[in-house]
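Have a look at this one before I ask anything.
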Amino acid sequence: MTTPSRRRLMRDFKKLQEDPPAGVSGAPTEENIMVWEAIIFGPQDTPFEDGTFKLTLEFTEEYPNKPPNVKFISKMFHPNVYADGSICLDILQNRWSPTYDVAAVLTSIQSLLDEPNPNSPANSLAAQLYQENRREYEKRVHAVVEQSWMAFNEDEDDHEKKEDRSSLTAVEEPNEPEPMETEEGPSGMHENSA
């Protein structure tokens, strides 16, 4: 069933594919256009540089009149990110406008990484360190950047393993075994024989 929100999400996706903003990407999950997975790369010349941060965006049928629910899946240490990954960002709350699309949401979050609002903290320790001990703040941010690499690589490995398993299960057994072409070893036996 196509609804106005689903049509809008398809337009948002098409725009992201045709004119992707630097440092962000996103796409609906295979099962549900109302649930998206996204990646934000840490902005250059910031403590988040080289980070690969995963997020989920959940939309309701009220989109674009209501903002999506956006959460970091990747571990995050930031003044405006709650422990559960929820993001304290004005455009995701009281300053939302139907003119915002997925690209605008993702680029706003990417900007927030470098420009936190310590006056509206979701993580009071991160806000305090950001204001009072920038070196310790950056040390903790670097730790989550490193964790983002490991988590991203593990997810890629898991995805490849799932693809390998699905390709194995997708192969149907033939009714009759087909002759295999193998080279015979020096003893006249097949090298693959035990």
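Rundown of residues vs (1) at pLDDT below 50; (2) in contact with a helix residue (DSSP H, G or I) (Cβ under 9 Å, 6 or more places away or on another chain), yes/no style:
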residue	(1), (2)
L89	no, yes
Y100	no, yes
W149	no, no
D155	no, no
D158	no, no
P179	yes, no
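Next up: Would you call D114 out of contact with any Ser or Thr (no Cβ under 8 Å at 6 or more places or on another chain) and of a type in the set (D, E, K, R)?
So D114 does not fit the description; no.
Just checking, which of T56, T60, T2 is of a type in the set (V, I, T) and at pLDDT below 95?
Being of a type in the set (V, I, T) and at pLDDT below 95 holds for just one of T56, T60, T2, which is T2.
Sticking with this one: Kindly indicate whether F77 is of a type in the set (A, V, I, L, M, F, W, C), over 14 Å from the mean Cα position of the chain (by Cα) and at pLDDT 95 or above.
yes
I've got another one for you. Does K71 satisfy being surrounded by fewer than 22 Cβ atoms within 10 Å (Cβ to Cβ), of a type outside the set (S, T, N, Q) and not in a loop (DSSP other than H, G, I, E, B)?
Yes; evaluated as a whole, the condition is true for this residue.
Based on this model, can you work out whether F72 counts as touching a helix residue (DSSP H, G or I) at 6+ places or on another chain (Cβ under 9 Å), free of Cβ contacts under 8 Å to residues at least 24 places away in the same chain and not polar (S, T, N, Q)?
yes
If you don't mind, another one. Being in a loop (DSSP other than H, G, I, E, B), in contact with a strand residue (DSSP E or B) (Cβ under 9 Å, 6 or more places away or on another chain) and not β-branched (V, I, T): is that true of D45 here? Explain how you work it out, then say what you get.
Details: in a loop (DSSP other than H, G, I, E, B): yes; in contact with a strand residue (DSSP E or B) (Cβ under 9 Å, 6 or more places away or on another chain): no; not β-branched (V, I, T): yes.
It is false that D45 is in a loop (DSSP other than H, G, I, E, B), in contact with a strand residue (DSSP E or B) (Cβ under 9 Å, 6 or more places away or on another chain) and not β-branched (V, I, T).
Still on this structure: Being among the β-branched types (V, I, T), part of a loop (DSSP other than H, G, I, E, B) and more than 19 Å from R134 (Cα to Cα) is true for just one of T56, T60. Which residue is that? If you could, list the steps in order and put the result at the bottom.
On the way: T56 fails: part of a loop (DSSP other than H, G, I, E, B).
Checking each option against the conditions leaves just T60.
Given the conditions (1) out of contact with any helix residue (DSSP H, G or I) (no Cβ under 9 Å at 6 or more places or on another chain); (2) touching a residue at least 24 places away in the same chain (Cβ under 8 Å); (3) among the β-branched types (V, I, T), report the number of the one that T52 does not fulfil.
Tallying (1) out of contact with any helix residue (DSSP H, G or I) (no Cβ under 9 Å at 6 or more places or on another chain); (2) touching a residue at least 24 places away in the same chain (Cβ under 8 Å); (3) among the β-branched types (V, I, T), T52 fails exactly one: (1).
Continuing with this model, one more query. From Q128, Q110, which residue is of a type outside the set (A, V, I, L, M, F, W, C), surrounded by 15 or more Cβ atoms within 10 Å (Cβ to Cβ) and under 14 Å from the mean Cα position of the chain (by Cα)?
Q110
A quick yes/no check of all residues on (1) more than 22 Å from Q17 (Cα to Cα); (2) surrounded by fewer than 18 Cβ atoms within 10 Å (Cβ to Cβ):
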{"site": "N32", "(1), (2)": "no, yes"}
{"site": "W36", "(1), (2)": "no, no"}
{"site": "F41", "(1), (2)": "no, no"}
{"site": "K66", "(1), (2)": "yes, yes"}
{"site": "K75", "(1), (2)": "yes, yes"}
{"site": "P79", "(1), (2)": "yes, no"}
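Could you list, in sequence order, the residues of segment 87-99 that are crowded, with 16+ Cβ neighbours inside 10 Å and either of a type in the set (D, E) or closer than 15 Å to P121 by Cβ (or both)?
Selection gives I87, C88, L89.
The values are calculated or read from the model by the stated rules, or taken from the named source; none is laboratory data. Here the structure is a predicted model, which is why all the values come from computation and not from measurement. Here Cβ is always computed from backbone atoms with ideal geometry, including for glycine, and neighbour counts include all displayed protein chains.
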